[in-house]
Amino acid sequence: MDPNPGDRIAAPPAPDQADRTDQPDRSSHQAPRVLRLRIVPWDVVCTVTLLVLLVVLATATTWPARLFGFLANVCEGDTCGPVPFGVDYYIRPLVWGGIGAAIAAAGIGPVVSLLKGWYMSFWPVLALALLVVSSVAGSILTAFSARYWL
(Lines give C-alpha, C1' and ligand atoms only; values in the text may rest on other atoms or scores of the structure.)
Protein backbone atom coordinates (compact mmCIF):
# COMPACT_ATOMS: atom_id res chain seq x y z
CA MET A 1 0.00 0.00 0.00
CA ASP A 2 1.16 3.45 -0.87
CA PRO A 3 1.21 5.73 2.21
CA ASN A 4 0.50 8.92 0.22
CA PRO A 5 -1.53 8.09 -2.90
CA GLY A 6 -2.28 11.78 -3.54
CA ASP A 7 1.39 12.66 -4.13
CA ARG A 8 1.51 10.95 -7.50
CA ILE A 9 0.32 12.78 -10.58
CA ALA A 10 -0.44 10.80 -13.66
CA ALA A 11 1.20 12.11 -16.81
CA PRO A 12 -1.01 12.50 -19.87
CA PRO A 13 -0.36 10.01 -22.67
CA ALA A 14 2.04 11.09 -25.41
CA PRO A 15 0.37 12.15 -28.64
CA ASP A 16 0.65 9.87 -31.65
CA GLN A 17 2.71 10.85 -34.69
CA ALA A 18 -0.48 10.79 -36.73
CA ASP A 19 -2.08 13.36 -34.41
CA ARG A 20 0.68 15.92 -35.07
CA THR A 21 -0.50 17.94 -38.05
CA ASP A 22 1.41 21.10 -37.13
CA GLN A 23 4.88 19.57 -37.70
CA PRO A 24 6.00 18.46 -41.19
CA ASP A 25 7.43 15.02 -41.79
CA ARG A 26 11.19 15.64 -41.67
CA SER A 27 12.27 12.29 -43.07
CA SER A 28 10.97 12.93 -46.59
CA HIS A 29 11.77 16.67 -46.89
CA GLN A 30 15.44 16.85 -45.90
CA ALA A 31 17.68 19.08 -47.95
CA PRO A 32 20.56 17.30 -49.72
CA ARG A 33 23.90 17.51 -47.97
CA VAL A 34 26.42 19.84 -49.53
CA LEU A 35 30.11 19.01 -49.33
CA ARG A 36 32.10 22.14 -48.56
CA LEU A 37 35.82 22.00 -49.11
CA ARG A 38 38.03 24.41 -47.22
CA ILE A 39 40.89 25.15 -49.59
CA VAL A 40 43.69 27.56 -48.83
CA PRO A 41 45.69 28.47 -51.96
CA TRP A 42 49.13 28.47 -50.30
CA ASP A 43 48.43 25.05 -48.80
CA VAL A 44 47.48 23.55 -52.17
CA VAL A 45 50.58 25.05 -53.82
CA CYS A 46 52.85 23.75 -51.04
CA THR A 47 51.27 20.29 -51.11
CA VAL A 48 51.57 19.91 -54.88
CA THR A 49 55.15 21.25 -54.85
CA LEU A 50 56.20 18.90 -52.05
CA LEU A 51 54.54 15.91 -53.72
CA VAL A 52 56.33 16.66 -57.00
CA LEU A 53 59.65 16.99 -55.17
CA LEU A 54 59.01 13.71 -53.37
CA VAL A 55 58.29 11.91 -56.66
CA VAL A 56 61.41 13.43 -58.24
CA LEU A 57 63.52 12.35 -55.24
CA ALA A 58 62.16 8.82 -55.50
CA THR A 59 62.57 8.41 -59.24
CA ALA A 60 65.28 10.68 -60.63
CA THR A 61 67.92 10.70 -57.90
CA THR A 62 70.12 8.18 -56.11
CA TRP A 63 68.22 8.62 -52.85
CA PRO A 64 66.55 5.18 -52.95
CA ALA A 65 69.95 3.50 -53.39
CA ARG A 66 71.40 5.57 -50.56
CA LEU A 67 68.48 5.08 -48.22
CA PHE A 68 67.85 1.40 -48.92
CA GLY A 69 71.21 0.19 -50.23
CA PHE A 70 71.68 -1.95 -47.14
CA LEU A 71 69.05 -4.37 -48.49
CA ALA A 72 71.72 -5.85 -50.79
CA ASN A 73 73.57 -7.04 -47.66
CA VAL A 74 70.60 -8.77 -46.03
CA CYS A 75 71.22 -12.50 -45.69
CA GLU A 76 68.44 -14.74 -46.97
CA GLY A 77 67.76 -18.42 -46.77
CA ASP A 78 69.08 -21.20 -44.56
CA THR A 79 72.74 -20.17 -44.84
CA CYS A 80 72.31 -17.33 -42.35
CA GLY A 81 73.29 -17.77 -38.74
CA PRO A 82 70.65 -17.50 -36.04
CA VAL A 83 70.05 -13.92 -34.91
CA PRO A 84 68.66 -13.23 -31.41
CA PHE A 85 64.88 -12.92 -31.41
CA GLY A 86 64.87 -13.46 -35.18
CA VAL A 87 65.09 -9.74 -35.85
CA ASP A 88 66.60 -10.38 -39.29
CA TYR A 89 63.20 -11.63 -40.47
CA TYR A 90 61.71 -8.18 -39.82
CA ILE A 91 64.12 -6.15 -41.99
CA ARG A 92 62.30 -6.41 -45.31
CA PRO A 93 58.74 -6.14 -43.89
CA LEU A 94 59.81 -3.07 -41.93
CA VAL A 95 61.29 -1.40 -45.00
CA TRP A 96 58.42 -2.27 -47.34
CA GLY A 97 55.88 -1.34 -44.68
CA GLY A 98 57.53 2.04 -44.31
CA ILE A 99 57.49 2.56 -48.07
CA GLY A 100 53.82 1.56 -48.23
CA ALA A 101 52.93 3.85 -45.33
CA ALA A 102 54.76 6.72 -47.03
CA ILE A 103 52.91 6.14 -50.30
CA ALA A 104 49.60 5.99 -48.41
CA ALA A 105 50.40 9.16 -46.48
CA ALA A 106 51.36 11.04 -49.64
CA GLY A 107 48.42 9.74 -51.69
CA ILE A 108 45.50 9.42 -49.31
CA GLY A 109 46.48 11.96 -46.64
CA PRO A 110 45.82 15.12 -48.66
CA VAL A 111 42.40 13.82 -49.69
CA VAL A 112 41.48 13.15 -46.06
CA SER A 113 42.74 16.59 -45.07
CA LEU A 114 40.74 18.16 -47.87
CA LEU A 115 37.54 16.50 -46.69
CA LYS A 116 38.17 17.23 -43.02
CA GLY A 117 39.19 20.85 -43.58
CA TRP A 118 42.75 20.38 -42.29
CA TYR A 119 45.93 21.71 -43.83
CA MET A 120 47.35 19.31 -46.41
CA SER A 121 50.98 20.31 -46.77
CA PHE A 122 52.24 18.23 -43.86
CA TRP A 123 51.44 14.89 -45.55
CA PRO A 124 54.37 14.88 -48.01
CA VAL A 125 56.70 15.83 -45.16
CA LEU A 126 55.27 12.97 -43.10
CA ALA A 127 55.80 10.62 -46.06
CA LEU A 128 59.45 11.63 -46.31
CA ALA A 129 59.86 11.17 -42.56
CA LEU A 130 58.34 7.68 -42.80
CA LEU A 131 60.81 6.77 -45.54
CA VAL A 132 63.78 8.00 -43.53
CA VAL A 133 62.62 6.26 -40.33
CA SER A 134 62.05 2.94 -42.09
CA SER A 135 65.47 3.25 -43.75
CA VAL A 136 67.24 3.98 -40.47
CA ALA A 137 65.41 1.22 -38.61
CA GLY A 138 66.14 -1.29 -41.38
CA SER A 139 69.82 -0.39 -41.51
CA ILE A 140 70.10 -0.66 -37.72
CA LEU A 141 68.53 -4.14 -37.83
CA THR A 142 70.84 -5.11 -40.69
CA ALA A 143 73.93 -3.88 -38.84
CA PHE A 144 72.85 -5.76 -35.70
CA SER A 145 72.13 -8.97 -37.61
CA ALA A 146 75.29 -8.88 -39.75
CA ARG A 147 77.40 -9.87 -36.72
CA TYR A 148 75.54 -13.18 -36.49
CA TRP A 149 75.49 -13.98 -40.23
CA LEU A 150 79.24 -14.61 -40.45
### Task
Restrict the check to region 54-71 and report whether at least one residue is loosely packed, with under 10 Cβ neighbours inside 10 Å, closer than 23 Å to Leu150 by Cα and of a type in the set (S, T, N, Q).
no
### Task
Consider Val112 carefully, then state whether it is out of contact with any Asp or Glu (no Cβ under 8 Å at 6 or more places or on another chain), in a helix (DSSP H, G or I) and farther than 22 Å from Thr59 by Cβ.
yes
### Residue satisfying all of: in region 129-150; loosely packed, with under 15 Cβ neighbours inside 10 Å and not aromatic (Phe, Trp, Tyr); modelled with the lowest pLDDT among these
Leu150
#### Entry: Yes/no for Leu126 being outside any helix (DSSP H, G or I) and surrounded by fewer than 16 Cβ atoms within 10 Å (Cβ to Cβ)
no
### Summary
Considering region 86-98, residues that are more than 12 Å from Ser135 (Cβ to Cβ) and free of Cβ contacts under 8 Å to residues at least 12 places away in the same chain, and then whichever is farthest from the chain's Cα centre (by Cα), we arrive at Gly86
#### Entry: Number of the exception - Leu150 against (1) over 27 Å from Cys75 (Cα atoms); (2) out of contact with any helix residue (DSSP H, G or I) (no Cβ under 7 Å at 6 or more places or on another chain); (3) not β-branched (Val, Ile, Thr)
(1)
### Task
Quickly run through region 50-85 and pick out the residues that are in a helix (DSSP H, G or I) and more than 28 Å from the chain's Cα centre (by Cα).
Ala72, Asn73, Pro84, Phe85
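The values are calculated or read from the model by the stated rules, or taken from the named source; none is laboratory data. Since we're looking at a predicted model, the values are computed, not measured. All Cβ positions, even for glycine, are placed from backbone atoms using ideal geometry, and neighbour counts span all protein chains on display.
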